[in-house]
Amino acid sequence: MKALLILLVGWIADLILGDPARLPHPIVWFGKVIAAFERWFNRGHLRKLKGMFTALLLIAAVYVGMYYLLGWIDSINVYLSMAVKAVLVFYCLAGTTLIREVRQVFQAVNRSLEEGRRQVARIVGRDTSELTAQEVRIAALETLAENLSDGVVAPVFWYAILGVPGMMAYKMINTLDSMIGYRTSRYRDFGWCAARIDDVANYLPARLTTLLMLTVTGRLRLLNFVTWFGREHASPNSGYPEAALAGILDCRFGGPHTYFGEVINKPYIGTNDREITDTDLRRAVSVNRRVEAVMVVATALILFWAPFFVHALRIIVHKV
């Protein structure tokens, strides 16, 4: 019951507030630590080994540190512990902030192309200086689809399995990948381990996200479309929710992108190369909100009933 309440309070806080710009954010701290390790170790020889050490150390430090810190707080006061955990859940969820950022991209590019390029640069890792207005909008929608998994479904998934420490460790994994998990000359060796760990951590959540997207829109007939285009993506995971949204909107994502001065040729997702409009944004936001609600409510129900199932199983085993 406590885990259920913690999840619901954290989720409702994210729905109402998003990420408050003026408050310190643990993910920002994660980014600063990762950047420091990258400056220290991403040089000279043995970059793969040093990158693996960095990724494993930081992920383990977050999980173990949070496990013992929250355990200590719980021993002092259970209600204080629940409050702290709810705040951490709130910080780990990014549904409202993501939607807000993507809306701002569309509003900005509607005013001017240069403003749209600057705004989308806040949420994507690619070079945005040469993007067209169409490419700006596509980049925003791709990010909306990919981060529905990374920013909502995956954190809730890992919360259900490993609690708040697991949720926080997942956010470290995701932050590592977003900062150093690129296949460029600078990060190819140093970030390889972080990228592979992120692939494993997101394997099930990405596919669950895709299934939920198709379910809430009544478009399960797009499964073949999603399977075909999703597996063509360079990432083993992000292609699936992107393909789901491309299928739902009947548009085309993907194509070549520039990262840190290098052109990365990504396959196209979908075939209908049509103009993206504000209507597509509204439809995509609706999909995100429905998936988010279904994921959180379903997880809350599982957390509520799990103790009863465990108790019944123990009774059965004891009798046997």
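Worth pointing out:
- For the residues Asp14, Asp19, the requirement of being assigned to a loop (DSSP other than H, G, I, E, B) and acidic (Asp, Glu) singles out Asp19.
- Pairs, first without any contact (Cβ under 8 Å) to a residue 40 or more places away in the chain in segment 114-128, second among the acidic types (Asp, Glu) and outside any helix (DSSP H, G or I), C-beta under 7 Å, six or more apart: none
- Look at segment 81-99: where a residue is touching a residue at least 24 places away in the same chain (Cβ under 8 Å) and a partner is hydroxyl-bearing (Ser, Thr, Tyr), sitting 6+ places away or on another chain with Cβ atoms under 8 Å, you get Val89/Tyr159; Cys92/Tyr159; Cys92/Tyr170; Leu98/Thr143.
- Output for segment 208-242, where each listed residue is under 19 Å from Tyr182 (Cα atoms) and touching a Pro at 6+ places or on another chain (Cβ under 7 Å): Glu232, His233
- Per the conditions (1) β-branched (Val, Ile, Thr); (2) farther than 30 Å from Trp72 by Cβ; (3) out of contact with any Lys or Arg (no Cβ under 8 Å at 6 or more places or on another chain), the sole criterion not satisfied by Val136 is (3).
- Boolean, Ala61 is open to solvent by less than 40 Å² (accessible area, probe 1.4 Å), at pLDDT 95 or above and under 23 Å from Trp158 (Cβ atoms): no
- The set of residues from segment 21-35 being under 17 Å from Met172 (Cα atoms) and either open to solvent by 20 Å² or more (accessible area, probe 1.4 Å) or at pLDDT below 95 (or both) comprises Pro24, His25, Pro26, Ile27, Val28, Trp29, Phe30, Gly31, Lys32, Val33, Ala35.
- Matching residues, segment 114-130, being more than 17 Å from Thr175 (Cα to Cα) and either among the aromatic types (Phe, Trp, Tyr) or in a loop (DSSP other than H, G, I, E, B) (or both): Asp127, Thr128, Ser129, Glu130
The values are calculated or read from the model by the stated rules, or taken from the named source; none is laboratory data. Computed from a prediction, not measured in an experiment: that's the story for all the values here. Using ideal geometry, Cβ is built from the backbone for each residue, glycine included, and neighbour counts are taken over all protein chains shown. Surface accessibility is based on the protein's heavy atoms, side chains included, excluding ligands, DNA and RNA. Shrake-Rupley method; radii C 1.70, N 1.55, O 1.52, S 1.80 Å.
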